[in-house]
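See structure below.
Every number in this text was worked out from the coordinates using simple rules, so none of it is lab data. Predicted, not measured: the structure shown is a model, and the values here were computed from it. Cβ placement follows ideal geometry from the backbone for every residue including glycine, while neighbour counts extend to all protein chains displayed.
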Amino acid sequence: MVQAPIQVLVVDDSAFMRRVITDFINEEPDMRVVDVARNAAQALEKIKRRQPDVVTLDVELPDMNGLEVLRRVMAEHPVPVIMLSGLTRKGTQAAIEAMSLGAVDFVTKPSGTISLDLYKVKEELKAKIRAAHRVSVRMPALDGLHPVPWTPSEDAALAGVHRKKIVCIGTSTGGPRSLQAVVPRLPKALSAPVLIVQHMPPVFTASLAERLNQLSEVTVREAVNGEVLRDGTVYIAPGGRHMRVRKVGRALALEISDGPPIRGLKPCFDLLLESLAEIGEQDIVATVMTGMGNDGAEGLSAIKRTCRVHAIAESEETSVIFGMPRAAIETGLVDEVLPLEKIAPAIVKQICS
């Protein structure tokens, strides 16, 4: 049976941008633009009337901020939304906030609000529309989330003298919102560093770290080359850079590098886990959350051979995209498959034990 084309609504205040985005989408046989909107009022009316499969939504609109439009859409007529934003600080912060409000993903306009070179992200936009179409829009409640109580056992306190515990989290599409449901629940006294690989372009990871830091008791920062790992600190791999761990004397430090992408990914979660496997003899809580592809599956196999590992995968019921967790589960090495709201307590339990 022939699949019906993905129905896309394009929202942008620039007639030029609406035309360019429409032309990109209509090049493909499996997607088509069913309508366009030049402002928030039109967008809200046409989403209700047209019921598109996917919406592309510009952050900057003349009558209402794109984020407010997104809030209204998610409250009134939930639909997969891809945000378009600039590479300015304001644009990156808006994109991160959009993820927390329920947007599936974002695409950056290469040269501002009206990008004559939007063709540079044409294939990325089309790939993300296809991915968004497979998404069941879920809005897990993020209000009222409190840090998990910190109650380490006596055995854990004694073991901590001899073994270093490390938390590793890998995620991609849908990750910023999922991280917002996990990181702020980690207690300040967490006796382990947390290393996060979120597939994201340069610049955006700094805004992600800043937002999570504002919401959390633990310290959250974008990782810096040479930094020694400290308990109760969350390190996010910089977008467009790889993150590894290396031994420096008796300590562990971060190595941020500019090597080639691995299977198209930079940063790559497999690479982080494999660097820990090379060091060996660590206690690792490895968590694979929502995302496309299979990043983390090979790395999980590597650390299971040389480290003590408790592996957690996000369940399909809360994953925006169940690709990465599914691949991890299929290795047969995952110890727990959990919905998003149970991941932080499970991480804390393992560090406390």
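Things to note:
- Single match in Asp23, Asp30, Asp12, Asp53 (criterion: without any contact (Cβ under 8 Å) to a residue 60 or more places away in the chain and either within 21 Å of Arg130 (Cα to Cα) or not basic (Lys, Arg) (or both)): Asp23
- Residue count for the stretch 53-69, restricted to those that are under 24 Å from the mean Cα position of the chain (by Cα) and either surrounded by fewer than 23 Cβ atoms within 10 Å (Cβ to Cβ) or among the aromatic types (Phe, Trp, Tyr) (or both): 5
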